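What follows is a short report on a single structure.
Nothing in this text is a laboratory measurement; each read-out follows from the coordinates by a stated rule. Keep in mind it's a predicted model, so treat the numbers as computed, not measured. Backbone-built Cβ (ideal geometry, glycine too); neighbour counts: all protein chains shown.
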Ligand SMILES: Nc1ncnc2c1ncn2[C@@H]1O[C@H](COP(=O)(O)OP(=O)(O)OP(=O)(O)O)[C@@H](O)[C@H]1O
Ligand SMILES: [Mg+2]
């Protein structure tokens, strides 16, 4: 399979909602060893698109989310560019970022309920977000808050609005937090493992809510997860991250149908074994990807996945694979992606 290395200029023509280019993030206070959490990451998302970010714990998923929202800790060193509607977010003042956060880009995090204040009624909290970014009067804000709760399938919106967070179930809290994140009709929502703490039934309901909202409001969504199964039939495109890098990205149909990177193949194998029709487990052991992710500060030259890769050859140890585009829109960083 013939592939061409990707030059930055080839991506510059199409207008995107968000364009992350060469993003590198290192953590660590001055004088300490710096840990690279993101390394030269490129990512784009168009208006209304759902992009799934897939990767193991520690690969930099939340760091990416926090970078986009300008919420990294003060000791983080950031390089690269994050353009949102052609405006550079990196280096923006806190006041400028506050105009964008919540109104244009909002976050649903791993424990969405924690984003809510325990001492304020739920309806007031949503109305407050609406008020901070719009000129709506008190009554209109309250009506809008109730409408938002109905949009996340909370039919008893009046009761929920009047409740304090501790009076709601985990599933209700998740919906409230999603409603709050969408209250100002942002262009982009970043959901960082929003269903991690939920049982599978509530998880499926919350995914259904997000799917409906995408259809209803046309919001673009970055959905972060370590579980490929959650992205099937939901994400338009998938980005697979490993050790702070995007190692493969492309349309979901191709990523799930014909993945190119050995790491993506390994991840998908983990969920490919569906139970038999009679409900019994499939024969054999669940496949695993041998080894674990590398310590990011210990990374030197070569492909970061090389120690765990069944396809590795000499070059993988000494050289960093360039990003290639073997098929339109499908990019991969691997010397042996076609084999
Ligand atoms: N505030 C911080 N200070 C120092 N190191 C950090 C900080 N936050 C994250 N890291 C490190 O950066 C790397 C990436 O962390 P990050 O939280 O982005 O991973 P993740 O993919 O979101 O993991 P998970 O799936 O467990 O949420 C990890 O090695 C982590 O230890
Ligand atoms: Mg995380």
Pull out the extension gain between residue 311 and residue 86, defined as 0.36 nm times the separation in residues minus the alpha carbon to alpha carbon distance; nm, one decimal.
77.0 nm
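Exposure proxy check: 256, 217 ranked by fewest other beta carbons within 10 Å? Don't skip to the end; give the middle numbers.
Working: 256 19, 217 14.
Going from least to most buried by this count: 217, 256.
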If packing is taken as the average number of other Cβ atoms within 10 Å across a peptide's residues, how do 304-310, 136-142 rank, most packed first?
304-310, 136-142
Using Cβ contacts closer than 10 Å as the measure, can you line up 164, 27, 263 from fewest to most?
164, 27, 263
Would you mind listing how long segment 74-202 runs along its three principal axes, going by Cα atoms, in whole Å with the largest first?
45, 38, 24
Taking neighbour Cβ counts within 10 Å as the exposure measure, how do 174, 133 sort from fewest upward?
133, 174
Label points 7 Å out from Cα along the Cβ direction at residue 196 and residue 136: separation in nm?
3.0
Listed peptides 63-75, 85-97, 110-122 by packing density, highest first (mean Cβ within 10 Å):
63-75, 110-122, 85-97
For residue 318 and residue 77, FRET efficiency with R0 = 25 Å and r from the beta-carbon atoms, rounded to 0.05?
0.40
